[in-house]
Every structure is written in structure tokens, then in C-alpha cells.
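Worksheet: one structure, shown below.
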């Protein structure tokens with residue numbers, strides 16, 4: 001079983017536990033909404049491949065858990081928070097979805113998880129990495145069980161600092177994950193005696209970084 005299949009299987013098992021705890025399911029079915037970037041920057045990370053892995057995991061479970069049929073819905077969030085939140089609201093209101101997963105872009109996750117909490121449903125966040133998801137935006141209705149920007153900063157940045165990289169210029173993707181990463185790296189650098197000489201934010205997604213690199217060189 002590959003990583004995607006293991007991930008999807010864990011999602012299904014957790015779904016059962018959460019549903020049992022709530023003692024209610026939509027029309028006696030386990031309804032899962034898979035929300036991810038299916039066509040843009042994060043497509044190859046967990047888009048169609050993640051959805052296919054979820055379907056394979058459902059097959060491994062025989063299509064049901066304790067006699068309750070597993071039903072999957074899917075949608076492309078286009079990496080847009082408003083699209084993600086609107087989709088989840090529609091799933092909750094019209095399709096009685098019990099759980100939402102996928103959830104890769106941090107900006108989308110922060111918007112969608114609010115809808116999930118308001119509706120009393122469950123979200124399993126398996127790709128987004130902004131540490132704010134489990135800090136200031138923590139919710140009893142979502143599980144954030146992957147790496148985050150705190151772990152990345154305290155791992156990679158500390159290693160760079162230990163090898164003499166004391167002066168930093170931070171080039172930040174201008175959305176939720178980038179902002180969290182910038183803040184966490186800054187804390188680590190300054191706490192370990194380094195200095196941040198400058199910061200600049202670029203649109204996300206973007207492929208031309210030449211002007212930003214020139215700013216870094218000028219620092």
C-alpha cells in the first residue's frame with residue numbers, strides 16, 4: 001500500500017471514529033467531500049491523485065464501514081478561499097456531507113474549516129502547512145495531522161543557521177501559508193542570533209522571481 005492509500009485509509013478510519021462519537025450519520029451513509037486543487041499549482045501534490053487514492057481506500061474497505069455505505073463527492077477549490085468555503089457550504093446544506101478532506105492550500109483551509117465548524121462536521125487537513133491552523137485558528141472540528149510551518153522553520157532554518165547562515169532575506173508567497181512561514185522563520189532566525197535583512201512578498205502562484213531576487217541581492 002503506497003502513501004496515498006495509507007493516508008486515505010487513515011481518513012476513512014478516523015471518519016468512522018468521529019461519526020460514532022457524534023452518533024449520527026447523513027441518511028445512514030458516510031459521506032466524504034474531497035476538496036483540493038484539481039487543476040492548478042497543487043494539482044500534482046494531492047489533486048486527482050489524492051482523490052483516486054481515496055477511492056482505492058474505499059474499495060479496500062469494501063465500500064462500507066459497519067454496514068454504512070461510503071459516498072464520495074469531489075470538487076476543485078481553484079486555490080480560492082471563497083470557492084472552497086462556498087463548496088463546503090453547499091455540500092453541508094444540500095448533500096449532508098459528514099466530513100471534508102483533501103484541503104491543501106492554507107488560505108482555502110482557513111475559510112473552509114470555519115464552515116465545517118459552524119455546521120458541526122469534521123475536517124481532516126492533510127496538506128496545508130500554516131501553523132495558524134492549529135494555533136490561533138484551532139477548532140474542535142478539524143484535525144491537522146501533517147507538517148506545518150513551525151516544524152519547517154525549526155528544522156530547516158535552524159540547520160542553515162547552525163552552518164553559518166546568519167543573514168536572511170525572506171521571499172514570501174503572499175497567502176496564508178507564506179505569511180505563517182515568514183513569521184516562523186523570522187522567530188527562529190532572530191532567536192538563534194541571526195538577522196532578517198529584508199522581506200518581500202510575491203503573488204501566488206508566480207513564475208517570475210527576477211525582481212525579487214534583485215531586491216535580495218541589493219540587501
Fill in the blank from the handout: If we ask which residues in the stretch 52-93 are in contact (Cβ under 8 Å) with a residue 24 or more places away in the chain, part of a helix (DSSP H, G or I) and within 28 Å of residue 174 (Cβ to Cβ), their number turns out to be 8
Practice task
Evaluate the following for residue 152: is it more than 9 Å from the chain's Cα centre (by Cα), part of a helix (DSSP H, G or I) and more than 17 Å from residue 180 (Cβ to Cβ)?
Solution key: no
Practice task
Look through 196, 189 and report the one residue that is outside the structural domain of residue 108 (by TED's automatic domain parsing) and part of a strand (DSSP E or B).
Solution key: 196
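The values are calculated or read from the model by the stated rules, or taken from the named source; none is laboratory data. Here the structure is a predicted model, which is why all the values come from computation and not from measurement. All Cβ positions, even for glycine, are placed from backbone atoms using ideal geometry, and neighbour counts span all protein chains on display.
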